[in-house]
Structure formats: structure tokens, C-alpha cells
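Written out below as C-alpha cells is the structure these notes cover.
Every number here is computed from the coordinates shown, using simple stated rules; none is lab data. The model shown is predicted, which means the values in this text are computed figures rather than measured ones. Cβ placement follows ideal geometry from the backbone for every residue including glycine, while neighbour counts extend to all protein chains displayed.
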């Protein structure tokens, strides 16, 4: 049994805070990065990451290493958190407006690339949020967490061919919508 398995077992059996802190420390940056790539908002990413780990701790008794690795299970929780956020009223009514004077532009080209990337992510999220939960999870895990089709298949308990079909059909719609958006 490796160290991570010991922490998991300790959390499941004794609600061990020290073990919980070790698990959170191990995966915090990875989950934060995964969420940040989809929100491009530091504060929001911090909030959602915190919610992921709260959900993880609350549902730790459901984790079964025979069904998925802990990392995969944690990414599934993060994906659901992101899907829930983009479907929430909080997202729909949120405005994130800051005066341009508040930003110090060090490298203009990097700044422009960063803005374009953020706009692209926002457009993709705006399109993807209308897909069903399974299609959203497939797109998010493939694009933002770089999961393979096999890993996604195991995680979602659907065949690899179904994952590929859903991914490519959803991606085709996203590309079409992005082209329409850019006209």
C-alpha cells in the first residue's frame, strides 16, 4: 500500500485531518490549474478549487479504488464543480468588469495573447455549458485535463468508441459555433 492509499484509508476510517491535508497539498496545484484553464479567473478558480476539496472530503466514503484512481476521481469531482458553476445563476448574472487603468501592462504582446486566450476560453465555456453533462465532461477532461479517451471511458463508464464519438461531434459543434461567433 502506497502513502496516498494510507491517507485515503485514514480519512475514510478516522476522518484524519492530517491525512486530508496531505492529500489536498498533493493535488491542490493540479486541480487549481485544471479549473483555472477553464475560468481564467484567479479568485473564482480558488473558490471552485476549495469547493472541490470540500466535496471530496464529504464524499470520501464513496471513493473506491477499484473503480478509478484517486486522481481520476478527483478530476471527476472538479469537472462536476465546473459544470455546476457554469449552469448556476451566479455565472449567468456575474459581471467581471474592471477598468483598464487598474492593469499594469508589462508586455503588450503577452497581454494581447492573454486577452485573446481568455476570450476564447469564455466563448468555449459559453458554448459547452449548453451540452448535456456527459458531453461537457468529455470535452473538459480532454481539452483541459488532457485525459486520454481510455481514461475518460473508464471514468464515465461508457465505451471508448462512445467517448470518441461524443467528443468529435461536440468538438465539431464548438468549432462551428466559434466560427459563427467570429463573423
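Rounded, prolate or oblate: which one fits the range 1-57, using the alpha carbon gyration tensor with axes a ≥ b ≥ c (rounded when a/c is under 1.5, else prolate when a/b beats b/c, else oblate)? Before the final figure, lay out the partial values.
Values: a/c = 3.47, a/b = 2.26, b/c = 1.53.
It is prolate, given that a/c is not under 1.5 and a/b is the larger ratio.
Provide the packing ranking of 162-168, 56-62, 150-156, i.e. peptides ordered by the mean count of other C-beta atoms within 10 Å per residue, highest first. The partial results should precede the final answer.
Numbers: 162-168: 16.7, 56-62: 13.6, 150-156: 18.9.
So the peptides 162-168, 56-62, 150-156, ranked by packing, come out 150-156, 162-168, 56-62.
Rounded to the nearest 0.05, what FRET efficiency is calculated for residue 50 and residue 133 with R0 set to 22 Å and r the Cβ-Cβ distance? Mind dumping the intermediate values first?
Details: r = 22 Å, r/R0 = 1.00.
Given R0 = 22 Å and the Cβ-Cβ separation, E is 0.50.
Can you pull the one-decimal nm distance between simple spin-label points at residue 171 and residue 37, each 7 Å off the Cα toward Cβ?
1.4
Determine, from the Cβ-Cβ distance of residue 126 and residue 69 and an R0 of 30 Å, the FRET efficiency 1/(1 + (r/R0)^6), rounded to the nearest 0.05. List each step's numbers first, then the result.
Values: r = 31 Å, r/R0 = 1.05.
Using R0 = 30 Å, I get an efficiency of 0.45.
How do the peptides 29-36, 12-19 rank, highest first, by the average count of neighbouring beta carbon atoms within 10 Å per residue? Intermediate results must be reported in sequence, preceding the final value.
Numbers: 29-36: 18.4, 12-19: 13.1.
Per-residue Cβ counts within 10 Å, averaged per peptide and sorted highest first, yield 29-36, 12-19.
Sort 132-142, 40-50 for me by packing, meaning the mean count of neighbouring Cβ atoms within 10 Å per residue, highest on top. Mind showing how you got there, number by number?
Numbers: 132-142: 20.0, 40-50: 16.5.
Most protected by this proxy first, the peptides run 132-142, 40-50.
Obtain the nm distance between the two label points defined at residue 158 and residue 30 by a simple spin-label model: each point lies 7 Å from its Cα along the Cα-to-C-beta direction.
Output for this residue pair reads 2.4 nm.
Counting other beta carbons within 10 Å of each residue's own, what order do 173, 8 fall into, fewest first? Kindly include the intermediate steps, with their values, before the conclusion.
Details: 173 16, 8 21.
Fewest-to-most Cβ neighbours within 10 Å comes out as 173, 8.
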